[in-house]
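Working notes, beginning with the structure itself.
The values are calculated or read from the model by the stated rules, or taken from the named source; none is laboratory data. Note that this is a predicted model, so its numbers are computed, not measured. Glycine gets a Cβ as well: all are built from the backbone with ideal geometry, and neighbour counts include every protein chain shown. For the accessible areas, the whole protein counts, side chains as well, though only heavy atoms, and no ligand, DNA or RNA atoms are used. Shrake-Rupley method; radii C 1.70, N 1.55, O 1.52, S 1.80 Å.
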Amino acid sequence: LLDELKRRHPGLEIESCSAGGGRIDLGIAARTDRFWTSDCNDALERQTIQRGFSYLLPPELMGAHVGGAWSHTTARTQTLPFRAATALFGHLGFEWNLSTASDEDRAGVAQVIEVHKRFRPLLHTGRVVRVDHADPSALVHGVVARDGSEALFAYAQLTASDLTLPVPAQLVGLDPARRYRVERVLLPGANWDMQRHHPSWYDAPIEVAGDVLAEVGLPMGVHVPEQATLIHATAL
């Protein structure tokens, strides 16, 4: 049926979904254009759901939506930057009744869309990397351009850490022989900063060698649970 629909309507896009993304395999991927990853749109749950998805299929096939502040599946409340940083790496959408959103939130939605458009050529063509981060309370992942010229990483704090200071985020997959301009990408909304003295690169870009970023890592500020930081690296 899907093959015949595609034959008759070459421009038709079909989304597959079943039982929380249960019908996600390479056979159905050959016949559809994207997958609804899960009906659970809670950004915290989505961090691990989407990480699992990334082992089989690329980000451009992963339906990832920014929901409202209150999650209907878990009753959690999360800030727009965390919800946006979570959904940004997939096939971005919005599942949020914007008629009930504030003017500030609607302006934030427009900014999130612009950030996604800025990085979409990278996110949907690059190489997905999953960092084996030493602190289980946080996840680090990213997408690196195949020529090593650019990368976007996310440091996501899932729960409170047992450590006094964060473990540096190792930005793996970059060209070890090149130097990179590293900067923080801010998303609209509340970006909490628990420390009086945070890493200098939070305020202004720095230049770091690719092998240092991969082996030593990038110092991170203290994050509250359910907070994420986006890191953009550009080869010099």
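Quick notes on this structure:
- Any strands (runs of 3 or more DSSP E) falling wholly within the range 135-223 and containing at least 3 residues that are within 19 Å of the chain's Cα centre (by Cα): 138-144, 150-157, 179-185
- The one condition from (1) charged (D, E, K, R); (2) part of a loop (DSSP other than H, G, I, E, B); (3) crowded, with 18+ Cβ neighbours inside 10 Å that ARG46 does not meet is (2).
- Contacts under 7 angstrom Cβ, first residue in the range 55-84 being of a type in the set (Lys, Arg), partner open to solvent by less than 50 Å² (accessible area, probe 1.4 Å) and assigned to a helix (DSSP H, G or I), 6 or more apart: ARG76/LEU44; ARG83/ALA43
- Residue match in the range 97-117 (condition: at pLDDT below 95, surrounded by 19 or more Cβ atoms within 10 Å (Cβ to Cβ) and of a type outside the set (Ser, Thr, Tyr)): no
- Considering the conditions (1) in contact with a Gly (Cβ under 6 Å, 6 or more places away or on another chain); (2) in a helix (DSSP H, G or I); (3) open to solvent by 10 Å² or more (accessible area, probe 1.4 Å), HIS65 is excluded by exactly one of them, (2).
- Members of the range 7-37 found to be closer than 16 Å to LEU61 by Cβ, assigned to a helix (DSSP H, G or I) and open to solvent by 50 Å² or more (accessible area, probe 1.4 Å), listed by number: LEU26
One line per residue, one yes/no per condition, for (1) in contact (Cβ under 8 Å) with a residue 40 or more places away in the chain; (2) open to solvent by less than 20 Å² (accessible area, probe 1.4 Å):
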{"site": "ASN191", "(1), (2)": "yes, no"}
{"site": "HIS197", "(1), (2)": "no, no"}
{"site": "TRP201", "(1), (2)": "no, yes"}
{"site": "ILE206", "(1), (2)": "no, no"}
{"site": "LEU218", "(1), (2)": "yes, yes"}
{"site": "GLY221", "(1), (2)": "yes, yes"}
{"site": "GLU226", "(1), (2)": "yes, no"}
{"site": "THR229", "(1), (2)": "yes, yes"}
{"site": "THR234", "(1), (2)": "yes, no"}
